[in-house]
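Before any comments, here is the structure.
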Amino acid sequence: MLQMKRAYEPPSTADGYRVLIDRLWPRGVRKEKLKLDEWAKDLAPSTELRHWFGHDPAKWKDFQSRYQEELRSGEAKGKLKEIAQRALEEPVTLVYAARDEEHNDAVVLEKLLEGEIKRAKRRKTTRAAASRTH
């Protein structure tokens, strides 16, 4: 299971594995209060992309495309698979700081991770079926 939560909302046991996906630490939040399991800076948009976007809804469509491009390359690709695999086993909460809950990196990341989770489930089903036929 995959879910999103703002860093300013209190953590809960239902959150499961909590991953901060922002490059910058959420302003005014103490480390102990976030109760994170991981800070995945590799999944955050580049500083250049973040500055260009500036949370401007008019740039949302282009931001999504550019951010997805960044996520498909480098270390982010492996981290996406790792988190998707974890989400098959336990709840995973993507923690982010943005005020705008509809136009932020967590929305893009959640969509990509959901696709990765579906592919992982298909691979698992295919392997299980193949092992039954042998």
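Bear in mind that the values in this text are calculations on the coordinates, not laboratory data. For clarity, every value in this text was computed on a predicted model and none was experimentally measured. Note: ideal-geometry Cβ built from the backbone for every residue, glycine included; neighbour counts use all protein chains shown.
Annotation: of all residues in segment 1-35 being free of Cβ contacts under 8 Å to residues at least 24 places away in the same chain and of a type in the set (G, A, S), the one that is surrounded by the most Cβ atoms within 10 Å (Cβ to Cβ) is S12. Going by the conditions given, is E116 buried (at least 16 other Cβ atoms within 10 Å of the Cβ), in contact with a strand residue (DSSP E or B) (Cβ under 7 Å, 6 or more places away or on another chain) and under 24 Å from D15 (Cβ atoms)? No: the conditions fail for E116. For segment 59-101, the set of residues classified as under 24 Å from R27 (Cβ atoms) and surrounded by fewer than 14 Cβ atoms within 10 Å (Cβ to Cβ) consists of R99, D100, E101, listed by residue number. When segment 16-61 is limited to residues that are of a type in the set (S, T, Y) and outside any loop (DSSP other than H, G, I, E, B), the one that is farthest from K79 (Cα to Cα) turns out to be T47.
In the list A84, A98, which residue meets the criterion of being under 28 Å from G16 (Cβ atoms), outside any helix (DSSP H, G or I) and touching a strand residue (DSSP E or B) at 6+ places or on another chain (Cβ under 9 Å)?
From the options A84, A98, the qualifying one is A98.
Among the conditions (1) more than 20 Å from S73 (Cβ to Cβ); (2) touching a strand residue (DSSP E or B) at 6+ places or on another chain (Cβ under 8 Å), the only one that K121 does not satisfy is (2).
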